[in-house]
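One structure below.
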Amino acid sequence: MRRLGHLATRGIAWAMGKAIILLAHVVTAPRAVWQGVAPVEERARIYFANHTSNADFVLVWSVLPNAIRARTRPVAAADYWGRTPLRRFLIRHVFRGVLVERCGMRDPQIACNAMADAVREGSSLIVFPEGTRNDGTRPLGPLKPGLYHLGRALPGVELVPVWIDNLNRVLPKGSVVPVPLLCSVHFGAPIRPRAGEGKEAFLVRAAEALVALRPAGDGAGGCDSDLPPTAEADNDTNTDSRAMTALNDRRIAA
Amino acid sequence: MNAVDQTLMLLFAGYGGLLMLFTLTGRVLAGAAAAGRLDRALAENFNTRTHAWWVMAALGSIALMAGRTGVIVAFALISLAAMREFLTLTRFRAADHWAVAAAVFVVLPLHYALIWVDFYAVYSIMIPVYAFLGLPILSALRGEADGFLTRIAEVQWALMVSVFCLSHVPALMSLQIPGFEGANILLIAFLIVVVQFSDVMQYVWGKIAGRHPVAPGLSPSKTVEGTVGGILTAGLIGGALFWLTPWSPLQAMAMALLAAVMGFLGGLVMSAIKRDRGVKDWGHVIPGHGGVLDRMDSVIFAAPVFFHVTRYFWSLS
């Protein structure tokens, strides 16, 4: 009987997973661009992505090839996903998320350990090192140091930068109805903390790796695209480097 | 099997044979490319396109076989995919989220529902008048003025192009042409085949004989030779397909030429939009072709004109 219940749970979870993937494809026709890394993995990886929307990890999860998706677990906030029975079912059985207390609320070491344990058990992770959703004023917010600690705690695990493009317009902060827009998910070359590399230096490198994945024609829907394509591309680079400088300043000040 | 179905079967066999010819040509091109006598990318692109044509032809045939319902549902889905692509290139903001959501989830289904119940008096003005007035109101209520005219104009354009104009293809079902009762689906097949054939032949003639760019500022690949050759070939094929229409061969040829010319001009307009936004294709869902809008741009501009000319000269309602 328990075995039957278990099978039923797995069946329902499988169907819900497929339905969610179908929905993601109908709304955003997501395109995976594997530009710095191949869509195969012999060892566990940590995919770290920019965070602009509640649906971020769903999109990354949807575009992963089946075999990789089966071993990849999103890291999610325990308080949000524990709130209703549906959310609990989704995060536990469909996404098989690693639940952590939000950074800063408890000892960050506990969250870090939970993630590291999941990787040691053979899972790959999807993490959002910005911590909170980007407010849209700059391409990328400051990264939390958890990514660095994870990298140090897990030697040999690849940290893959992932840029999610356009999803913030599909489901902006505060809205529940998504609008259909084409999205893409860009996977870059893996990075690792180098020998002797400090926390600050590594986080700057990680942020640079993310921003570098931003598509060149990006900003068609952005706020600064009244310029011809080439000038626009230059302009984008400038904005990004300015953002990076600002980002560094903030971090040093903090 | 009734007469209309038999005619459709004949048409399917016709373009099936044509695609077979393209597939064989693709084999020859691939062989030439392997031997180094032809650009490999050109051969690969030709074969990818042909493969996608098989899929599109199969889906189109299924929709036509399903009749009125099939065609309306198919075009509602194409409109949704087209909206998805058009909106991606627009600059709407979070303040326009309600307006965009209403355009996609209220206006689009309502418009096709009105076509379904054949309420011409309403569906012919809902988007051009009521969506035109209503969606800017939704945007204005959010109180953000920055770039307002651009934002609302782009959302309206998305609807006009992706939904309103395109829906004139299934709307052909509602025309009442004496002596052609129950056969309107053939008119839809005629329009689609002629316009798509014109696109293909413009591409083929352009590759064979293209020398002089027709609009270098908008689309570097369109040439005078390709355009003229493609449109004239489409006119001839239209005349030869008169048995799909209520018209004589000469009338069918004239209508085919009209659709092909509008299709070409539509391609120019849509190229100008893509070029302005710095992209080559509208999307990536059709391998070798780009997005749904890359394939439908000519149909979008041809359909309303084809519909109104047919309605004015041949239809009772």
Residue-wise HN-Hα coupling along segment A:14-25, computed from phi with Karplus coefficients 6.51, -1.76, 1.60 (Hz; x: Gly, Pro): 4, 5, 5, x, 4, 5, 5, 5, 4, 4, 4, 6
Checking the table A:LYS18/A:LYS144; B:LYS207/B:LYS280; B:LYS222/B:LYS274 against a 23 Å threshold on Cα-Cα, which pairs fail? A:LYS18/A:LYS144
Would you mind computing Rg(Cα) / (2.2 N^0.38 Å) for the protein assembly as shown, counting N as its residues? 1.09
Farthest toward positive dipole pole in segment B:169-317 [+1 Lys/Arg, -1 Asp/Glu at C-beta], among B:ILE237, B:LEU258, B:HIS289: B:HIS289
Quick one: work out the % antiparallel among DSSP beta bridges in the protein assembly as shown, nearest 5. 30
Using modelled backbone amide H atoms (1.01 Å from N, in-plane), which distant-in-sequence or interchain residues come within less than 5 Å of A:SER124's amide H? A:ARG45, A:THR72, A:ARG73
Once amide H atoms are placed 1.01 Å from N in the peptide plane, what residues at a sequence separation of 5 or more from B:THR223, or on another chain, have their amide H within under 5 Å of its amide H? B:VAL214
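About its Cα centre, how strong a charge dipole does the protein assembly as shown have in debye, to the nearest 20, once Lys and Arg get +1 and Asp and Glu get -1 at the Cβ?
Its charge dipole is roughly 1720 debye.
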Cα radius of gyration and Dmax for segment B:24-77 (Å): 16.4, 49
From fewest to most C-beta neighbours within 10 Å, the residues B:PHE301, B:PHE105, A:PHE202 line up as B:PHE105, A:PHE202, B:PHE301
Signed unit charges on C-beta, dipole axis of segment A:68-207, positive-most listed residue A:ALA195, A:SER124, A:LEU143: A:SER124
Only counting other Cβ atoms within 10 Å, I'd like A:HIS25, B:HIS212, A:HIS186 sorted with the fewest neighbours first. B:HIS212, A:HIS25, A:HIS186
At what distance in angstrom do the alpha carbon centres of segment B:46-81 and segment B:286-317 lie from each other? 14
Points 7 angstrom from Cα along the Cβ direction at A:VAL33 and A:ILE110: gap in nanometres? 4.0
If I build a Gaussian network model for chain B, linking alpha-carbon pairs within less than 10 angstrom, which residue out of B:ALA259, B:ALA272, B:ALA76 has the largest mean-square fluctuation? B:ALA272
Sequence of A:TRP81, A:TRP34 once ranked by neighbouring C-beta atoms within 10 Å, starting from the fewest: A:TRP34, A:TRP81
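Any idea what the alpha-carbon Rg over 2.2 N^0.38 Å comes to for segment A:12-135?
1.04
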Can you give the net charge of the other residues whose Cβ lies under 13 Å from the Cβ of A:PRO155, counting K and R as +1 and D and E as -1? +4
Charge tally for neighbours of B:HIS51 with beta carbon under 13 Å away, counting Lys, Arg as +1 and Asp, Glu as -1, is +1
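Quick note: the coordinates plus some simple rules give every number you see, no bench work behind them. Fair warning: this is a prediction, and the values are worked out from it, not measured in the lab. Glycine gets a Cβ as well: all are built from the backbone with ideal geometry, and neighbour counts include every protein chain shown.
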